[in-house]
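Structure first, then comments.
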Amino acid sequence: MILDAETGQPYKDLFEILKDKNYYILTTNQDTQFTRVFPEEKISAIQGDWRYFQCSRRCHDELYDSVETLHKLNDSIDADLRVPSELIPRCPKCGAEMEPWVRSWVFLEGRKYREEHSKLNAFLKKNMHKKVLFLELGVGRMTPMFIQEPFWNMTYAWPNAFYITINPRDAIVPEELKQKGLAIREDIAKVLTDTRKISNEEMK
Ligand SMILES: [Zn+2]
């Protein structure tokens, strides 16, 4: 369902807004929507990605393509909503069931996971002295530690950084960032469509 879901308009609008700029995407989304619109080398998916399997016992550090297997499994769901046992994907090394490579108690934080972080860190390091906008989209109150708090800290510490959060419910700018931040308490889809229209008109 996730792999076949339609790509959301906000991703397309965001791409149009960013495509000629020096940007980088940090996401905790696992639903692969970013990778359909943005180049893979400009995305760090730090909470995993549904396109991969890992061993549920983490017996070795390797990820496997899951897309074909998931489609096969989906096609084989019978009237009782079950799949044949022999189609359940198994680890080629230890035989344990495979698990989607997404944040869970057994989430594999191996080579690919570290790569996602080092890609992001390389971009940040290269650009930290430039004018930087940290644009936060839809981070909730449940997991502020992955995107929101690092964005706040970097905006605070870097002289030329600015922070914008767009969130219909939880748009917050901390007191310390009052001069360097903006909270837009609106629907992200609407803000991005409007921004895209305005920047198109300015180009004309
Ligand atoms: Zn295994």
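Values in this text are rule-based calculations from the coordinates and carry no lab data. Source: prediction; values computed, not measured. Every residue, glycine among them, receives a Cβ derived from its backbone with ideal geometry; neighbour counts consider all protein chains shown.
Mind sorting TYR11, TYR113 by how few other Cβ atoms lie within 10 Å of their own Cβ, fewest first?
TYR11, TYR113
In what sequence, highest mean first, do 77-86, 172-181, 47-56 appear when ranked by Cβ atoms within 10 angstrom?
Packing order, densest peptide first, comes out as 47-56, 172-181, 77-86.
Which links in LYS130/LYS190; LYS21/LYS197; LYS19/LYS72; LYS126/LYS197; LYS112/LYS180 stretch past 26 Å when you go from one Cα to the other?
Cα-Cα > 26 Å for LYS130/LYS190; LYS19/LYS72; LYS126/LYS197; LYS112/LYS180; rest within.
Can you tell me what the convex hull of the Cα atoms of the chain projects to on average, as an area in nm²?
Mean projected area for the chain: 14.0 nm², to one decimal.
I'd like the Karplus ³J(HN,Hα) series for segment 133-145: coefficients 6.51, -1.76, 1.60, θ = phi - 60°, whole numbers in Hz, and an x wherever there's a Gly or Pro.
With coefficients 6.51, -1.76 and 1.60, one gets 10, 8, 9, 9, 10, x, 7, x, 7, 6, 10, x, 6 Hz.
Starting from 0.36 nm per residue, how many nanometres of slack lie between ASP187 and MET154 once their C-alpha separation is accounted for?
9.4 nm
Treating segment 121-166 as a set of equal point scatterers at the Cα positions, no solvent, please give the Debye-formula log₁₀ I(q)/I(0) at q = 0.13, 0.17, 0.32 Å⁻¹.
The computed values of log10 I(q)/I(0) come out as -0.28, -0.47, -1.23.
Once R0 is set to 45 Å, what does the formula 1/(1 + (r/R0)^6) return for the Cβ-Cβ distance between GLU201 and LEU87, expressed as a FRET efficiency to the nearest 0.05?
0.30
Along the charge dipole of the chain, Cβ charges K/R +1 and D/E -1, which of PHE107, ILE43, TYR64 sits furthest on the positive end?
Farthest along the dipole direction, towards plus: ILE43.
Can you give me the three principal axis dimensions of segment 1-117 from its C-alpha atoms, in Å, biggest first?
48, 34, 20
Any idea what the relative contact order of the chain is, in percent, if you count C-alpha pairs under 8 Å spaced at least 6 apart?
18 percent
How would you rank ASP13, ASP170, going from fewest to most other Cβ atoms within 10 Å of each one's own Cβ?
Listed from fewest to most nearby Cβ atoms, that is ASP170, ASP13.
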